[in-house]
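Shown next, in C-alpha cells, is the structure this report addresses.
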Amino acid sequence: MQRDGARTSLWQFNMPSFPSPASAPPKEPVDVLIVGGGITGITTALLLQLSGKQCVVAEAKTLCFGTTGGTTAHLNTLLDHPYNEISSKFGENNAQLMAKAAKEALQLIRTNIETYNIDCGFEEQNGYMFAQDEKQEKELEEIRVATEKVGVPIQYTNEIPIPIAFTKAVVFKGQAKFHPARYVYAIAKEFEKAGGIILQGCRVTKTEENEFMEATTKYGIIRARNIIWATHIPPGVNLLHFRCAPYRSYATAIKLVGENYPDGLIYDMYDPYHYYRTQNIDGEKYLIIGGEDHKTAHEKDTVACFRKLESHINKFFDVDSIPFKWSSQYFEPTDGLPYIGHLPGNPDSVYVATGFGGNGMTCGTISAILLSDILVKGKSEYQELFDPNRLKPIAGFTNFVKEQADVVGKMIGGWISSEKIKEVSEIAHGEAKVVKYEDHKIALYKDETGKLHAVNPVCPHAKCIVEWNTAEKSWDCPCHGSRFNADGILLTGPASHDLEEVEIKDLVNESQKK
Ligand SMILES: Cc1cc2nc3c(=O)[nH]c(=O)nc-3n(C[C@H](O)[C@H](O)[C@H](O)COP(=O)(O)OP(=O)(O)OC[C@H]3O[C@@H](n4cnc5c(N)ncnc54)[C@H](O)[C@@H]3O)c2cc1C
C-alpha cells in the first residue's frame, strides 16, 4: 500500500495494494463519480451503490494513499471542536445534531463491520480526557457539561489508563478504534461485489459540464450525472481553500517493555494535544501516540517534531522500540464544522466533503450518510448544518478560478549549471533548500547519493513558495497544503499539476565531487 509520504505508517505494514482489475471507465454515463479512495470516497461509494446508483471511484494512486493511510483511527463522538464550542457558534440544537450525526457514523461503521464480518481490529472503547492545571480544569468542566447535554455519556473519573499525572479527568462512553486500511479495503470489496467500479492510478485532471459531467483521466473521459470530490480537499482554487487550513500531525507506533498497554482513547488538553491508544494487529500490540501538530510547512525541521514527541513518550512510558513513525495532513475548518454538500461555485451536481480536522474517520462516514441521502432521497437532515455554502463569499472572489499552471511554467525552463548556484555545495546529502538563481527561486534536494533534484518552488495552485518537509521528503505548500515529492510530482492537492522540473546541467560532476 502506498502513502503520500516517505515514512511507513503502521497501517501500511503487511498491507499489499488493493487488487482491483478495472482499468477502463464504463462507456455509458454513470450515476455518480466519486473522486478519491480514502474512507470518505469508499464509504460513500458503497452506500450509493447499494441504493441502486451506478458508481465509479477514481483514485489518483491506490486506496488509502491519502490521510486515511496516515491516520491514527480513533472513532469519536466527542470531537476536536467540542460541543460547548459548537453550541456557542451554532446553537444548542445544532450541537445536538452534530452529536446525532457522529453517533450515526459510528453506528454505520459498527453495522458494516458486523454485516460484512470485517476483520479490522475494531473495539469499543472509553474515551478519557485529562486536565493538568486550573485553566484546563475549567475547560474540561465546560466540555463535560456540553457533552452531557448532547447525550454523550460523560463523567468525572479518578483513574486514566496511562501513567501521566492529572488534576481532573473525564471518561466518556461509546468511542471505538480499528485498523483503517483493513476496514476501507473490505468496504471497497463490498462495493465491487455490488457492481461498483474502482479505478486506481486514475487522477481526475479536469471536469466539465456538458450533457453530463465529464471528468478527464488518463483512462479517458468518465461521464457522470453527479461528481463527489472525496479528495480530502477539492482541487482548483475554491472558496473552501480559504476556509480550510492544512495542518500536519505526527504519529508513532510503540512496542512497550512488558504487556501493560493502555485500554482506551486518551487525550491531554494542550494545544496541540497528545493522543494515545493501543491497536492489536495479528496478535502484536502497539501503543499509538501522536501530537506535535503545526500548520503545514510552518515548521523548518519536521524531524524535530518526532524528537519532541519521543521525548514526551520516553518521559512516561517504558519503551522497547518505536517501529513506526509517520506524519500526515489534515484540514482544519475555520468555524469548527466540516463542509459536506454542494461545492460552492460549481454546477448543482458537484459535491464535496472536506474540513474534517482530526476527526475524518467520523466525519468521512457522516459525509457518506449525508451525500448518499441527498443523492438517493433528495435531502438529508444534516445538509444545512454542514452546508459548504454556509460561508459568506469573500467580496470580489470569483468562486472557481482556474488554476493557472501555464503562468508558473517556463519561469525558469531550460538547463542550468549547478556551478552557477553557489549554495549547491553547501547542501549536504539528504538535505534540501530553496535557493536564488538570477531572478528566480529554485527548490533543490540533494539525495543520499549526491544527485540533485531541482524544481520550480512556485506551487501551481495559488503560487506560494513550497517548503521542504524533512520528515516525509516532500515539498509542502504553506498556503493550502498541496504536496509534491522531491521531483515535483504531485502527492496531494488542492494543486492539480506537478511542480515544474528544472534541469541541472552537471549532475554527474556534482555527484562525483561528493
Ligand atoms: C496524523 C493524523 C491522525 C489522525 N487521526 C485521526 C483519528 O484518530 N480519528 C479521526 O477520525 N481522524 C483522524 N485524522 C483525520 C482523518 O485521518 C482524515 O480526515 C481522513 O482520513 C480523510 O479521509 P478522506 O477519505 O476524506 O481523504 P484521504 O484519505 O486523504 O483520501 C483522499 C484520496 O483522494 C485521492 N485524490 C486526490 N486528488 C485526486 C484526484 N484529482 N483524482 C483522483 N484521486 C484523487 C488521494 O490520492 C487520496 O487517496 C487524523 C489525521 C492525521 C493527519
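As a summary of the residue check, residue 474 satisfies the conditions (1) under 20 Å from residue 435 (Cα atoms); (2) surrounded by 17 or more Cβ atoms within 10 Å (Cβ to Cβ); (3) at pLDDT below 95 except for the one numbered (3).
Scanning the stretch 306-365 for residues being of a type in the set (Val, Ile, Thr) and part of a loop (DSSP other than H, G, I, E, B) gives a total of 1. Determine whether the stretch 9-31 contains at least one residue that is surrounded by 18 or more Cβ atoms within 10 Å (Cβ to Cβ) and near the ligand (Cβ under 10 Å from one of its atoms). There is at least one residue in the stretch 9-31 that is surrounded by 18 or more Cβ atoms within 10 Å (Cβ to Cβ) and near the ligand (Cβ under 10 Å from one of its atoms). If you go through the stretch 32-73 and keep only what is among the hydroxyl-bearing types (Ser, Thr, Tyr) and either surrounded by 24 or more Cβ atoms within 10 Å (Cβ to Cβ) or within 14 Å of the ligand (Cβ to nearest atom) (or both), you end up with 40, 43, 44, 62, 67, 68, 71, 72. The set of residues in the stretch 1-31 that are more than 21 Å from residue 285 (Cβ to Cβ), among the aliphatic types (A, V, I, L, M) and in contact with a strand residue (DSSP E or B) (Cβ under 6 Å, 6 or more places away or on another chain) comprises 22, 30.
Within the stretch 480-497, being in contact (Cβ under 8 Å) with a residue 24 or more places away in the chain, open to solvent by 10 Å² or more (accessible area, probe 1.4 Å) and not hydroxyl-bearing (Ser, Thr, Tyr) holds for 480, 486, 487, 491, 493, 497. Restricting the stretch 174-206 to residues that are farther than 20 Å from residue 42 by Cβ and open to solvent by 10 Å² or more (accessible area, probe 1.4 Å) leaves a set whose member that is nearest to the chain's Cα centre (by Cα) is 205. For the stretch 259-268, a residue qualifies if it is modelled with pLDDT of 95 or more, out of contact with any Lys or Arg (no Cβ under 6 Å at 6 or more places or on another chain) and open to solvent by 20 Å² or more (accessible area, probe 1.4 Å), and the qualifying residues are 263, 267. Residue 341 meets the stated requirement of being crowded, with 21+ Cβ neighbours inside 10 Å and more than 11 Å from the ligand (Cβ to nearest atom). Is the stretch 240-257 home to any residue that is at pLDDT 95 or above and in a loop (DSSP other than H, G, I, E, B)? For the stretch 240-257, residues at pLDDT 95 or above and in a loop (DSSP other than H, G, I, E, B): present.
A search for C-beta distances below 7 Å between a residue of the stretch 339-360 that is within 18 Å of residue 68 (Cα to Cα) and modelled with pLDDT of 95 or more and any residue that is among the acidic types (Asp, Glu) and surrounded by fewer than 24 Cβ atoms within 10 Å (Cβ to Cβ), counting only pairs 6+ apart in sequence or on different chains, returns 357/80; 357/332; 358/80; 359/80.
Only one of the numbered conditions (1) closer than 25 Å to residue 125 by Cβ; (2) within 11 Å of the ligand (Cβ to nearest atom); (3) open to solvent by 10 Å² or more (accessible area, probe 1.4 Å) is not met by residue 82, and that is (2).
The values are calculated or read from the model by the stated rules, or taken from the named source; none is laboratory data. Keep in mind the model is a prediction, meaning the values are calculated, not measured. Glycine also receives a Cβ, built like all others from the backbone with ideal geometry; neighbour counts cover every protein chain displayed. The protein model used for the area step is the full one, side chains on, heavy atoms only, and it has no ligands, DNA or RNA in it. Shrake-Rupley method; radii C 1.70, N 1.55, O 1.52, S 1.80 Å.
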